[in-house]
Amino acid sequence: MNKKMVPPHFYSTSRRIAVIAATALFAASAGLQAAVILNDNGGATTGETAWDSMISDSDLVNTGRPTFLSVDAPDGGFGTSSVGLQDGVNTNLQLVPNMTFYSAFPSSVTFTLDTTVNTLGYDITTINTFAGWSDFNFGAQIFELLIKTTTNGSFVTYGTFSNTAGFDNTTLGAPRSSLTTLTGDSGPIASGVTDIRLVYSQAVTYGTVIREIDVIGTATTVPEPSIWMMMIVGTGALILSQRTGRQSNLSA
């Protein structure tokens, strides 16, 4: 009866492939999430409509855009609607549909992007959140950013961001507004994005009036780094399997 012998160098090759696979998996799970940079644009700005000219009506989550699928958010108080979160419109008139007043916290806003055509998701480069009111300190903002991608089955937090400088916490005040801008430290905030969630917390005593949320980016054209890593692991496993088969045949 012939005894199947496996050449010694086979084990060396196996160890090398195992090391490559482990390294690839580690890289896929660590160090790929971008650091998010907060720009509070100076905190409180005099005037309710100070930042209105920067509101986009063509960002990824704007109503009517082919990249926008749905929004899951509560309506605001005093008759304001969640429709005002991403309609691309603003005005200095009070209690109109294109702004949303939140006074019960936490208030969660989730945008789902349409991946029917752009199946790899989206590269998110900038998120702008606008807040302000005509006679109260409703322009302060505190929110957590969470993102879901094509390779994550659940939301991952990217941090909590505060823009409260210059807002009085207890008393009435002159019209004030704020623009909070988030960007990645190098490149997009995230790639392969399918969903974006902002969870607002209480920034001042009375609440926050959100005038608009803009999510800016483009369709992802290259798979996420984690997908490339999984491809490397798969290739390594295939090579190992083929090599094992050949060595078994030779030693039979």
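The values are calculated or read from the model by the stated rules, or taken from the named source; none is laboratory data. This structure is a prediction, so every number in the text was calculated from the model and none was measured. With ideal geometry, Cβ positions are generated from the backbone for all residues, glycine too; neighbour counts draw on all protein chains shown.
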Problem set entry | Subset of segment 62-73 [modelled with pLDDT of 95 or more and either basic (Lys, Arg) or in a loop (DSSP other than H, G, I, E, B) (or both)] | 62, 65, 66, 67, 73
Exercise. If you go through segment 48-70 one residue at a time, how many are among the aliphatic types (A, V, I, L, M), within 25 Å of residue 134 (Cβ to Cβ), surrounded by 15 or more Cβ atoms within 10 Å (Cβ to Cβ) and out of contact with any Ser or Thr (no Cβ under 6 Å at 6 or more places or on another chain)?
Worked result: 1
For this session: Inspect segment 157-164 for any residue being assigned to a loop (DSSP other than H, G, I, E, B), free of Cβ contacts under 8 Å to residues at least 24 places away in the same chain and farther than 21 Å from residue 74 by Cα and give the result as yes or no.
Result: no
Seminar exercise, completed: Among the residues of segment 147-193, the number that are over 26 Å from residue 209 (Cα atoms) and surrounded by 12 or more Cβ atoms within 10 Å (Cβ to Cβ) is 9
For this session: Considering only segment 135-152, state which residues are touching a residue at least 12 places away in the same chain (Cβ under 8 Å) and not aliphatic (A, V, I, L, M).
Result: 135, 136, 137, 138, 139, 141, 143, 144, 148, 149, 150, 151
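For (1) in contact with a Ser or Thr (Cβ under 7 Å, 6 or more places away or on another chain); (2) outside the structural domain of residue 178 (by TED's automatic domain parsing); (3) not charged (D, E, K, R), each residue gets a yes or a no:
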{"residue": "101", "(1), (2), (3)": "yes, no, yes"}
{"residue": "104", "(1), (2), (3)": "no, no, yes"}
{"residue": "114", "(1), (2), (3)": "yes, no, no"}
{"residue": "122", "(1), (2), (3)": "yes, no, yes"}
{"residue": "136", "(1), (2), (3)": "no, no, yes"}
{"residue": "147", "(1), (2), (3)": "no, no, yes"}
{"residue": "152", "(1), (2), (3)": "no, no, yes"}
{"residue": "155", "(1), (2), (3)": "no, no, yes"}
Exercise. Can you tell me how many residues in segment 194-205 are in a loop (DSSP other than H, G, I, E, B) and surrounded by fewer than 24 Cβ atoms within 10 Å (Cβ to Cβ)?
Worked result: 4
Exercise. Residue check: is residue 114 surrounded by fewer than 18 Cβ atoms within 10 Å (Cβ to Cβ), at pLDDT 95 or above and charged (D, E, K, R)?
Worked result: yes
